[in-house]
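The values are calculated or read from the model by the stated rules, or taken from the named source; none is laboratory data. Note that the coordinates shown come from a computational prediction; the quantities given were computed from them, not determined experimentally. With ideal geometry, Cβ positions are generated from the backbone for all residues, glycine too; neighbour counts draw on all protein chains shown.
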Amino acid sequence: MNKVIRLKKRRAAALIFIIGTVLLTAFIWLHSLMPATISAQESGNVLSVAEMLLRALNLNPQLNDFIIRKAAHFSEFLALGVMVTSSFKLYYGSIKKYVFHILFTLLMIPVADESLQYLSPGRSAQVSDILLDFSGCITGMLLTCAAALLIHKVRKNRKERIMK
C-alpha cells in the first residue's frame, strides 16, 4: 500500500512539472512570435532594471542588449531543462532509462523556438541560439540529475540510520 501511495504522489508531482513545462514552453514560444521591435523594447526594459539593480549593489553595470538577451535565453532554457527532466523523473521514476527521450525533447523545443522566429517580422533563426538554448537545457538537466542523486543519497543514509 505504501508503494501505491508514493506512486500516486510522484505522479501528482509529475503532473505539476508537466503543466509547468507546457506553460514555460508556451511563454518561450510566444516571445519568439513577437516582432523584433517589441522584443527589443522588452529587452531594453529588462536591461534598465538590471542596470539599476547593479548600481544599487555598487557594481558597475557593463551590460548591453546582447548580454541580456543571451542570459534570458540561457535562463529560460535552464528552467525548461529542470522542468522536463523532473517531469520524466517523477512520472517514470528514472532519468537514466529515459535520457535520450529527455535529450530529444530538450533539443526539439529550441529548434521549434528558432523556427517560429521565421514567422515574426524582423526576426531570424540562428543556429548559435539553438546551441545556447540547448546548453541551458543541458545545464538544467544536469542540475536536476545532481539534485536527484543528492536526494537519493540523503534518503538512503536516513534509512540506514533508522535500520541501525
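Selection over the range 119-164 of residues that are in a helix (DSSP H, G or I), hydroxyl-bearing (Ser, Thr, Tyr) and modelled with pLDDT under 95 gives a count of 1. Here is the figure for the range 7-40: residues that are under 30 Å from Ile68 (Cβ atoms) and assigned to a helix (DSSP H, G or I) total 22. Filtering the range 69-94 to residues that are touching a residue at least 60 places away in the same chain (Cβ under 8 Å), outside any loop (DSSP other than H, G, I, E, B), surrounded by fewer than 18 Cβ atoms within 10 Å (Cβ to Cβ) and not basic (Lys, Arg) leaves Phe74, Ser75, Tyr91.
Of the residues in the range 103-118, at least one is hydroxyl-bearing (Ser, Thr, Tyr), modelled with pLDDT under 95 and surrounded by fewer than 17 Cβ atoms within 10 Å (Cβ to Cβ). Is it true that some residue in the range 53-68 is surrounded by 11 or more Cβ atoms within 10 Å (Cβ to Cβ), in contact (Cβ under 8 Å) with a residue 60 or more places away in the chain and among the β-branched types (Val, Ile, Thr)? The answer is no, given that none of the residues of the range 53-68 is surrounded by 11 or more Cβ atoms within 10 Å (Cβ to Cβ), in contact (Cβ under 8 Å) with a residue 60 or more places away in the chain and among the β-branched types (Val, Ile, Thr). Are there any pairs with C-beta distances below 9 angstrom linking a residue in the range 1-12 that is among the small types (Gly, Ala, Ser) to a residue that is at pLDDT 85 or above and surrounded by 10 or more Cβ atoms within 10 Å (Cβ to Cβ), with the two at least 6 apart or on different chains, and if so which? These pairs meet every condition: Ala12/Leu90.
Going by what's in this entry, would Lys97 be described as of a type in the set (Lys, Arg), assigned to a helix (DSSP H, G or I) and either in contact with a strand residue (DSSP E or B) (Cβ under 7 Å, 6 or more places away or on another chain) or in contact (Cβ under 8 Å) with a residue 24 or more places away in the chain (or both)? When the stated conditions are applied, Lys97 does not pass them.
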